[in-house]
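Novice: Here it is: the structure, laid out below.
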C-alpha cells in the first residue's frame, strides 16, 4: 500500500495479512505497484516527481524515469509479465495540455506510445497483451469516466489496433479499479465531487474560528470568488446549470442571483475595489471532441446586473478537465485588493507573472513574478495592493513567498509542519496570512504571521482550496471540495 499513511507523509508500506502489522518501505513515495513475481515495486517519487523502482523489501531503490521540464508522470504499473513499465505522461503549455499512455522496458529505453489522449486518467490492471484503462467522456459528460481496453504486443509494447470501449455507464466515474488475477472479482471507486461556500466567525485576533455555516445549498460545484467591499455579498462560480457561470449571493440570503451566464465558461470572479463591477475570466465554449480552447478574456459585469463587457485578453488555455479542481484553480486567474489595481496571474515556463489592470481601462504594467513551476501554486494580493503572497504545494515543506510590487527578490519563509499548501489569503489588516494545508485526513485552515509562526484554526475531513476573510476581518469564507465516493464490487470483469 502507498500514500500518506502514518504521519501524513507520503510513503510505501507493506501490510501483513496476518495480524495486519504495518512496515514502512520508503518515504516520499506513492502510487506504488508490485511486480507480478512480487520481487520489485515501482512507485512515484513525491519529491522528485520521478518514477522509481526498488526491491520488495525497500532496498536498492533507484530512478527509473525522470520527467522532462513541463512534464508530469503518474500511475506507473507493470505490464508484459513484468518486463515493461506503463505510465501516464502529461505536458502543460500555453497551447494547452497533452497526455499519453506510454510504456518502456526495464532499461528505460525509448517510449512506446500506446495512446495519445488527454482524457486518459487511470490504468492499473492488465492481462498479458491487454491493458484496461479509464478515460473521461467528452463534454457535457466530462465528469464521467468509462472503461476501455487496448491490445498490445507483449514483447514490444506496440499497440494492436484502437482502444475498445467496455462500459458506457451514465453517472459513473471509474477510478482506482483492480481485479483478481482470474478476473472473477472487480472493484472500483465511483464518486462525484461537489463544493459549497461556507462562512465562519473569526475571533481572538484571528486565532479562533467558530462553527461554519453553509451559504450555498444546492448539490453542485459552488466555488468561492471574493467578498464585496462592504462585506454584504459573496460572488462565486457554479456549474449548477451545466457550464460555469457567475453568481452573487447576500450572506443573509438563501439563494443567489445570476450575474454572467451563457455558452462560454466563466471562472475566477472577483469584485472590483470600488464595488461596482464583478470581474471574471471567460473562455470560449468547449465543443467535443476538442477539450482545450485558447483565447481567454477578462470580462466585467455590473454587480447590480447588466450586460457583460470586455476588459482585456489573457494568455493561456482552458481545458474542460474531468477533475473540477483542475478547472476552478486554473491559471490565468484574477484577484482584486480593497485598494489599488487588480492583478491577473499568467503562467510561463519559469513561473507566474502578475500584471496590474484597471476594470475599465484594461492591462497596465507588470507587478512582479513568482519563480518556479510547482504542481500547484496558490496566490493572493494584500488588501492595500502592494504585495502578493504565494504558496507552493510541496509534500515536505510549507513554502510561502511574498512578492512586493517591483521587487525582484521575494521574501520567503516556511510554515513549519504545515506542508502541502494549496491556498492562501491575507488577513483584512494585511499583517498575517490564512493558509490551507492539505492532508489525507482533511485540509487544515491555518493562521500564520509573516515569519511562519502558525496556529491551526479548523480541520474538517474536506479538501479546501479557497479561503478569504471579510473586509472587516470578522468572518472567514472558504470553499471545501466534498468527495462523495463509494467502493463498488462486481463478481465479473466488464468485457467487450
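The values are calculated or read from the model by the stated rules, or taken from the named source; none is laboratory data. On a predicted model such as this, the values are computed, not experimentally measured, just so you know. Here Cβ is always computed from backbone atoms with ideal geometry, including for glycine, and neighbour counts include all displayed protein chains.
Novice: Condition test on residue 248, is it modelled with pLDDT under 95, farther than 22 Å from residue 355 by Cα and in the same structural domain as residue 333 (by TED's automatic domain parsing)? Before you say what the answer is, go through the steps one by one.
Specialist: Details: modelled with pLDDT under 95: no; farther than 22 Å from residue 355 by Cα: yes; in the same structural domain as residue 333 (by TED's automatic domain parsing): yes.
No: the conditions fail for residue 248.
Novice: Is it the case that residue 36 is over 21 Å from residue 177 (Cβ atoms), in a loop (DSSP other than H, G, I, E, B) and without any contact (Cβ under 8 Å) to a residue 60 or more places away in the chain?
Specialist: Numbers: over 21 Å from residue 177 (Cβ atoms): no; in a loop (DSSP other than H, G, I, E, B): yes; without any contact (Cβ under 8 Å) to a residue 60 or more places away in the chain: yes.
So residue 36 fails the test.
Novice: Tell me the strands (runs of 3 or more DSSP E) entirely within segment 49-118 that contain at least 1 residues that are in the same structural domain as residue 157 (by TED's automatic domain parsing) and closer than 15 Å to residue 35 by Cα. Spell out the reasoning first.
Specialist: Working: elements: 51-55, 62-65, 71-79, 84-91, 98-105, 112-116.
Hits in segment 49-118: 51-55, 62-65, 71-79, 84-91, 98-105.
Novice: In segment 420-450, which residues are at pLDDT below 95 and surrounded by fewer than 20 Cβ atoms within 10 Å (Cβ to Cβ)?
Specialist: Those that are at pLDDT below 95 and surrounded by fewer than 20 Cβ atoms within 10 Å (Cβ to Cβ): 439, 440, 441, 442.
Novice: Residue 119 - would you say it is surrounded by 16 or more Cβ atoms within 10 Å (Cβ to Cβ) and in contact (Cβ under 8 Å) with a residue 24 or more places away in the chain?
Specialist: Values: surrounded by 16 or more Cβ atoms within 10 Å (Cβ to Cβ): yes; in contact (Cβ under 8 Å) with a residue 24 or more places away in the chain: yes.
In short, yes.
Novice: Report yes if residue 321 is part of a loop (DSSP other than H, G, I, E, B), buried (at least 18 other Cβ atoms within 10 Å of the Cβ), in the same structural domain as residue 267 (by TED's automatic domain parsing) and modelled with pLDDT under 95, otherwise no. Spell out how you get there, then give the answer.
Specialist: Numbers: part of a loop (DSSP other than H, G, I, E, B): yes; buried (at least 18 other Cβ atoms within 10 Å of the Cβ): yes; in the same structural domain as residue 267 (by TED's automatic domain parsing): yes; modelled with pLDDT under 95: yes.
For residue 321, the condition - part of a loop (DSSP other than H, G, I, E, B), buried (at least 18 other Cβ atoms within 10 Å of the Cβ), in the same structural domain as residue 267 (by TED's automatic domain parsing) and modelled with pLDDT under 95 - is met.
Novice: Continuing with this model, one more query. What number goes with the only condition from (1) at pLDDT below 95; (2) at positive phi; (3) in contact with a strand residue (DSSP E or B) (Cβ under 9 Å, 6 or more places away or on another chain) that residue 116 does not pass?
Specialist: (2)
Novice: If you don't mind, there's one more thing I want to ask. Being surrounded by fewer than 19 Cβ atoms within 10 Å (Cβ to Cβ) and in contact with a strand residue (DSSP E or B) (Cβ under 7 Å, 6 or more places away or on another chain) narrows it down to one residue among 454, 389, 404; which is it?
Specialist: Details: 454 fails: surrounded by fewer than 19 Cβ atoms within 10 Å (Cβ to Cβ); 389 fails: surrounded by fewer than 19 Cβ atoms within 10 Å (Cβ to Cβ).
None of the other options fit; the residue is 404.
Novice: Scanning for something closer than 20 Å to residue 461 by Cα and either buried (at least 18 other Cβ atoms within 10 Å of the Cβ) or touching a residue at least 12 places away in the same chain (Cβ under 8 Å) (or both), does segment 223-230 turn up at least one residue?
Specialist: Applying the first criterion (closer than 20 Å to residue 461 by Cα) to segment 223-230 yields 223-224.
Those still in the list that are either buried (at least 18 other Cβ atoms within 10 Å of the Cβ) or touching a residue at least 12 places away in the same chain (Cβ under 8 Å) (or both) too: 223-224.
Yes.
Novice: Separate question: What strands (runs of 3 or more DSSP E), lying completely within segment 154-203, carry at least 1 residues that are at pLDDT below 90?
Specialist: Values: elements: 159-165, 175-179, 186-195, 198-203.
Those strands (runs of 3 or more DSSP E) span 175-179, 186-195.
Novice: For segment 142-153, which positions are over 31 Å from the mean Cα position of the chain (by Cα) and assigned to a loop (DSSP other than H, G, I, E, B)? Before you say what the answer is, go through the steps one by one.
Specialist: Initial filter on segment 142-153 (over 31 Å from the mean Cα position of the chain (by Cα)): 151-153.
153, the sole residue that qualifies.
Novice: Identify the residue in segment 121-141 that is assigned to a loop (DSSP other than H, G, I, E, B) and out of contact with any helix residue (DSSP H, G or I) (no Cβ under 9 Å at 6 or more places or on another chain) and, among all such residues, is modelled with the highest pLDDT.
Specialist: From segment 121-141, those assigned to a loop (DSSP other than H, G, I, E, B) are 128-129, 137-141; that's our starting set.
Among the residues that remain, those that are also out of contact with any helix residue (DSSP H, G or I) (no Cβ under 9 Å at 6 or more places or on another chain) are: 137-141.
Details: 137: 85, 138: 79, 139: 75, 140: 76, 141: 81.
Residue satisfying both the conditions and the ranking: 137.
Novice: Checking the structure you have, find out if any residue of segment 413-424 is under 24 Å from residue 205 (Cα atoms) and touching a helix residue (DSSP H, G or I) at 6+ places or on another chain (Cβ under 8 Å).
Specialist: Step one: filter segment 413-424 for residues under 24 Å from residue 205 (Cα atoms), giving 413-419, 421-424.
Pick out the ones that are also touching a helix residue (DSSP H, G or I) at 6+ places or on another chain (Cβ under 8 Å) and you get none.
The answer is no, given that none of the residues of segment 413-424 is under 24 Å from residue 205 (Cα atoms) and touching a helix residue (DSSP H, G or I) at 6+ places or on another chain (Cβ under 8 Å).
Novice: Same structure again: For segment 241-263, give me each residue that is outside any strand (DSSP E or B) and under 18 Å from residue 305 (Cβ atoms). Break it down stepwise before answering.
Specialist: Keep residues of segment 241-263 that are outside any strand (DSSP E or B), which gives 241-244, 251-256, 261-263.
The answer is 241, 253, 255, 256, 261, 262.
Novice: Does residue 277 satisfy the criteria of being in contact with a strand residue (DSSP E or B) (Cβ under 6 Å, 6 or more places away or on another chain) and modelled with pLDDT under 95? Can you show your working first?
Specialist: Working: in contact with a strand residue (DSSP E or B) (Cβ under 6 Å, 6 or more places away or on another chain): yes; modelled with pLDDT under 95: no.
It is false that residue 277 is in contact with a strand residue (DSSP E or B) (Cβ under 6 Å, 6 or more places away or on another chain) and modelled with pLDDT under 95.
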